[in-house]
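Participant: Shown below is the structure under consideration.
The values are calculated or read from the model by the stated rules, or taken from the named source; none is laboratory data. Quantities reported herein were computed from a predicted structural model and do not represent experimental measurements. Here Cβ is always computed from backbone atoms with ideal geometry, including for glycine, and neighbour counts include all displayed protein chains. All accessible areas refer to the heavy atoms of the entire protein, side chains included, with ligands and DNA or RNA removed. Shrake-Rupley method; radii C 1.70, N 1.55, O 1.52, S 1.80 Å.
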Amino acid sequence: MLRTGLLAAARSPRVRRVVETAAPTRPLVRRFVAGTDATAALAAARELRGKGVRVSLDHLGEHVTSAEHAGSAVSAYREVLSGLAAEGLADRAEVSVKLSALGQALPVDGEKIALEHARRICAAAAQAGTAVTLDMEDHTTVDSTLRVLAALRVDFPRTGAVLQAQLRRTEGDCRDLAREGSRVRLCKGAYAPPASVAFPRPSEVDRSFARCLGVLMAGSGYPMVASHDPWMVRLTGQLAARNGRGATEYEHQMLYGVRPDEQLRLAAEGRRVRVYVPYGQEWYGYFVRRLAERPANVAFFARSLLSRG
Ligand code: FDA
């Protein structure tokens with residue numbers, strides 16, 4: 001309920017202006033976002049590598065309204081990918097890409113434009129020695145994103161997908177994608193889809209996550225388990241053991257700034273851990289989704305605004 005309301009309110013340009021310009025926003029943004037440019041992202045990748053943790057770098061930006069703007073996202077990814085290669089970090093780093101930042105929602109030929117841009121990023125990633133994972137956005141984009149994934153995997157078979165356990169369709173999508181060579185990140189879902197397509201209660205989302213994880217772990221793809229939930233972390237270990245998967249045959253993924261001690265604990269246990277590191281100027285949409293995930297974040301942010309206002 002809180003999440004739906006917050007995500008809806010966040011679409012107001014007035015709310016956006018207040019959040020973007022309020023001084024108390026900065027420290028909280030810094031908790032979740034590595035910085036505003038590729039230099040900051042590469043520094044975070046270096047630091048995490050030193051702690052035995054892999055990264056997926058995400059150049060922030062979504063819902064571009066022109067093909068030209070979408071082209072600039074490609075340049076940003078090329079820059080960070082060549083930085084990863086130059087610093088010898090590409091074996092421990094990949095990039096995450098939102099198709100809406102590449103033009104998917106443009107009214108004419110959006111999907112085609114996004115595919116062409118994504119192809120250029122995949123080519124740059126392959127040249128750097130790494131791969132791309134396509135983030136999943138709101139439920140209306142799932143079919144289009146999976147079509148783009150299938151087209152990209154013809155030339156770039158390591159391209160990964162994200163599936164959201166909150167959607168009723170996802171168990172079936174997991175079955176389709178749990179194939180040899182397929183990299184699938186399973187998450188709960190950060191958007192607020194209607195009950196007609198999604199499980200409304202958190203307990204139902206958790207049960208769906210467990211079923212989906214069961215399918216991915218039993219399949220022959222590479223599961224990337226994106227959750228900070230202690231229950232899901234435990235279940236991942238149990239299902240890996242039950243399916244005879246070694247430590248290199250799946251990975252845990254968590255967000256930059258969320259449960260950092262747990263990230264290090266898992267890495268120290270010998271598990272593969274990857275942290276999703278967002279960077280860039282366009283942090284607003286990402287930041288609001290992180291606030292919406294946890295009432296304590298909203299309360300902390302609101303208190304800071306009131307105490308300084
Ligand atoms: P849950 O929300 O139940 O949180 C479990 C615990 O984790 C909380 O009790 C708290 O301790 C901690 N926690 C979680 N979120 C927090 C936050 N924001 N601040 C502070 N503590 C927090 N979604 C999507 O729709 N499309 C995508 O492509 C991706 N990609 C993605 C990549 C990676 C690597 C991760 C980890 C997550 C995503 N997500 C995503 C987001 C995901 O769908 C989900 O919204 C969050 O991961 C929160 O869900 P949890 O499974 O962590 O459980």
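Participant: Right, Ala192: modelled with pLDDT under 95 and either more than 9 Å from the ligand (Cβ to nearest atom) or part of a strand (DSSP E or B) (or both) or not? Quick ask: steps written out before the conclusion?
Facilitator: Numbers: modelled with pLDDT under 95: yes; either more than 9 Å from the ligand (Cβ to nearest atom) or part of a strand (DSSP E or B) (or both): yes.
So Ala192 fits the description; yes.
Participant: Would you say Arg185 is surrounded by fewer than 19 Cβ atoms within 10 Å (Cβ to Cβ) and modelled with pLDDT of 95 or more?
Facilitator: No: the conditions fail for Arg185.
Participant: Arg259: within 12 Å of the ligand (Cβ to nearest atom), under 22 Å from Gly5 (Cβ atoms) and out of contact with any Leu (no Cβ under 9 Å at 6 or more places or on another chain), yes or no?
Facilitator: Numbers: within 12 Å of the ligand (Cβ to nearest atom): yes; under 22 Å from Gly5 (Cβ atoms): no; out of contact with any Leu (no Cβ under 9 Å at 6 or more places or on another chain): yes.
No.
Participant: Which of the residues belonging to the range 54-104 are more than 18 Å from Thr36 (Cα to Cα) and open to solvent by 70 Å² or more (accessible area, probe 1.4 Å)?
Facilitator: Those that are more than 18 Å from Thr36 (Cα to Cα) and open to solvent by 70 Å² or more (accessible area, probe 1.4 Å): His63, Thr65, Glu68, Ala86, Glu87, Asp91, Arg92.
Participant: Please state which of the following conditions Glu94 fails to meet, knowing it meets all the rest: (1) assigned to a helix (DSSP H, G or I); (2) touching a strand residue (DSSP E or B) at 6+ places or on another chain (Cβ under 9 Å).
Facilitator: (1) is the only condition that Glu94 fails.
Participant: For Val64, only one of the following conditions fails: (1) within 14 Å of the ligand (Cβ to nearest atom); (2) closer than 25 Å to Ala292 by Cβ; (3) among the hydrophobic types (A, V, I, L, M, F, W, C). What is its number?
Facilitator: Every listed condition holds for Val64 apart from (1).
Participant: Which residue, of Ala299, Ala292, is surrounded by fewer than 21 Cβ atoms within 10 Å (Cβ to Cβ) and not aromatic (Phe, Trp, Tyr)? So that I can check it myself, show each step before the final result.
Facilitator: Numbers: Ala292 fails: surrounded by fewer than 21 Cβ atoms within 10 Å (Cβ to Cβ).
The match here is Ala299.
Participant: Shifting gears a bit: Within the range 198-224, work out how many residues are in a loop (DSSP other than H, G, I, E, B), under 21 Å from the mean Cα position of the chain (by Cα) and either in contact (Cβ under 8 Å) with a residue 60 or more places away in the chain or within 15 Å of the ligand (Cβ to nearest atom) (or both). Write out each step before concluding.
Facilitator: Applying the first criterion (in a loop (DSSP other than H, G, I, E, B)) to the range 198-224 yields 199-201, 219-221.
From what's left, under 21 Å from the mean Cα position of the chain (by Cα): 199, 221.
Right, trim to either in contact (Cβ under 8 Å) with a residue 60 or more places away in the chain or within 15 Å of the ligand (Cβ to nearest atom) (or both) and you get 199.
Count: 1.
Participant: Please go through the range 260-309 and pick out each residue that is at positive phi and either assigned to a strand (DSSP E or B) or within 16 Å of the chain's Cα centre (by Cα) (or both). Walk me through how you get there before you give the answer.
Facilitator: First, the residues of the range 260-309 that are at positive phi: 270, 280.
Within the range 260-309, Gly280 is the sole residue that qualifies.
Participant: Out of all the residues in the range 43-86, which are small (Gly, Ala, Ser) and farther than 23 Å from Arg272 by Cβ? Break it down into steps so the answer makes sense when it comes.
Facilitator: As a first pass, look at the range 43-86 and keep what is small (Gly, Ala, Ser): 43-45, 50, 52, 56, 61, 66-67, 70-73, 75-76, 82-83, 85-86.
Passing the criteria: Gly61, Ser66, Ala67, Ala70, Gly71, Ser72, Ala73, Ser75, Ala76, Ser82, Ala86.
Yes/no per residue for (1) open to solvent by 30 Å² or more (accessible area, probe 1.4 Å); (2) hydrophobic (A, V, I, L, M, F, W, C); (3) not assigned by TED's automatic domain parsing to the domain that holds Leu28:
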| position | (1), (2), (3) |
| --- | --- |
| Trp231 | yes, yes, yes |
| Gly237 | no, no, yes |
| Gln253 | no, no, yes |
| Ala267 | no, yes, yes |
